[in-house]
Amino acid sequence: MPELPEAEVVRAGLASAVDGAVIRSVEVLDERALRRHGGPSEDFVARLEGRRLSSPNRRGKFLWLPLDADRDQRGPGEALVVHLGMSGQMLLRGPGTDDPLTRIRFELEAPGGKDYRLNFVDQRLFGSLAIDELVDVGEGELIPTAVLHIARDPLDPKFDEAAFIARLRSRRTGIKRALLDQKLVSGIGNIYADESLWAARVHFETPADALSSRAAHRLLVELRGVLLKALAEGGTSFDWQYRNVNGESGYFSRSLNAYGQQGKPCPRCGRPIKRVKFMNRSSHYCPYCQKKIGN
């Protein structure tokens, strides 16, 4: 958490508010929130104050807000990169409004002169902010260096379906492990992997190279369907750790069929959903509907 839908909800919520806004001041309240930044907090503050933000972009779970050029800029430019981690929040507030566990505070002036505050809140401190250089990857697309290794996600207009299916079916690892590999496909975490595998009737330990082309395509269809439904419902909130930019919860948790449903009847066959340990976390599946194939 957050995964693609949650990150996209935050991106969309920031878009209209920060596009064209000027950063009047930055206050770093906890330097641990800058562990991905290549310098001390003084550098972070000095390089941001007075700069203008553009509309945010996203790849997988990463967000970035392009910055206008400064006097010493070379190359395609810089961006403020946001990684929400497990519990990071970007909260738009009125002037002077504080939030508990705020790690970094921005005072912004929107076009037209309206002032407001942007608080980066993070309970568990797995998230971070950083200033990073942008790289031109072709066709005018600029990506921060920290994000270059991240694959496109299934909702990206430039996502290559055929290449993804071919690479997926070449993997000799369990299908869920493959889906969690952000270098193969981004934005999918434990929740949406379990939900998509349930929808596609695929056991999480089925070797990826045991899937037929037809089954792999069906899984991709279900992945997109799950992500789009979660996005429409504002993401998944189990507690206060995930909130959109207005501090509101998503409600996709009400639509979950497998994740967190252990012991409850499978919505498809009525048999109990099972939970087992998986990679220091858990997998949730229906043993009847999701039969393991292959070795």
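Things worth noting here:
- The phi-based Karplus calculation (6.51 cos²θ - 1.76 cosθ + 1.60; θ = phi - 60°) puts the 3J(HN,Hα) values of segment 23-34 at 7, 6, 7, 10, 10, 8, 8, 8, 5, 5, 6, 10 Hz, whole numbers, x for Gly and Pro.
- Sorting the segments 77-84, 158-165 by their mean number of nearby beta carbons within 10 angstrom, highest to lowest, gives 77-84, 158-165.
- Interchain or long-range residues, amide H under 5 Å from Phe126's placed H: Met86, Ser87
- Working note: Karplus 6.51/-1.76/1.60 with θ = phi - 60° gives segment 126-139 the couplings 8, x, 6, 10, 7, 9, 9, 7, 8, 10, 7, 9, x, 6 Hz, where Gly and Pro are set to x.
- Estimated from the Cβ-Cβ distance and a Förster radius of 35 angstrom, the FRET efficiency linking Asp19 and Phe159 is about 0.90.
- Approximating the spin labels as points 7 Å out from Cα along Cα→Cβ, the Cys269-to-Ala46 distance works out to 6.4 nm.
- Prolate/oblate/rounded label for the chain (Cα gyration tensor, a/c 1.5): prolate
- Here the Karplus relation 6.51 cos²θ - 1.76 cosθ + 1.60, evaluated at θ = phi - 60°, turns the backbone of segment 261-273 into coupling constants of 9, 3, x, 8, x, 4, x, 9, 10, x, 7, x, 6 Hz, with x for every Gly and Pro.
- Order of Cys286, Cys266 - criterion: other Cβ atoms within 10 Å of each residue's Cβ, fewest first: Cys266, Cys286
- Amide H contacts under 5 Å for Lys61, placed H, 5+ residues apart: Gly187
- For peptides 95-103, 55-63, sequence by mean Cβ density within 10 Å, most packed first: 55-63, 95-103
- With neighbour counts taken as other beta-carbon atoms within 10 Å, the residues Ser283, Ser212 rank, fewest first, as Ser212, Ser283.
- Efficiency of FRET from Cβ geometry, Phe126 and Ser213, R₀ 51 Å, rounded to 0.05: 0.85
- For Arg103, the residues whose modelled amide H falls within less than 5 Å of its own, excluding neighbours fewer than 5 places apart on the same chain, are Phe120, Val121, Asp122.
- Computed from label points 7 Å out along Cα-Cβ, the spacing between Lys277 and Ala12 is 3.9 nm.
- Förster radius 30 Å - calculated FRET efficiency between Arg32 and Ser255 (Cβ-Cβ, nearest 0.05): 0.30
Computed from the coordinates by the stated procedures, all read-outs in this text should not be read as laboratory data. Note that the coordinates shown come from a computational prediction; the quantities given were computed from them, not determined experimentally. We place every Cβ from the backbone using ideal geometry, glycine too, and count neighbours over all the protein chains shown.
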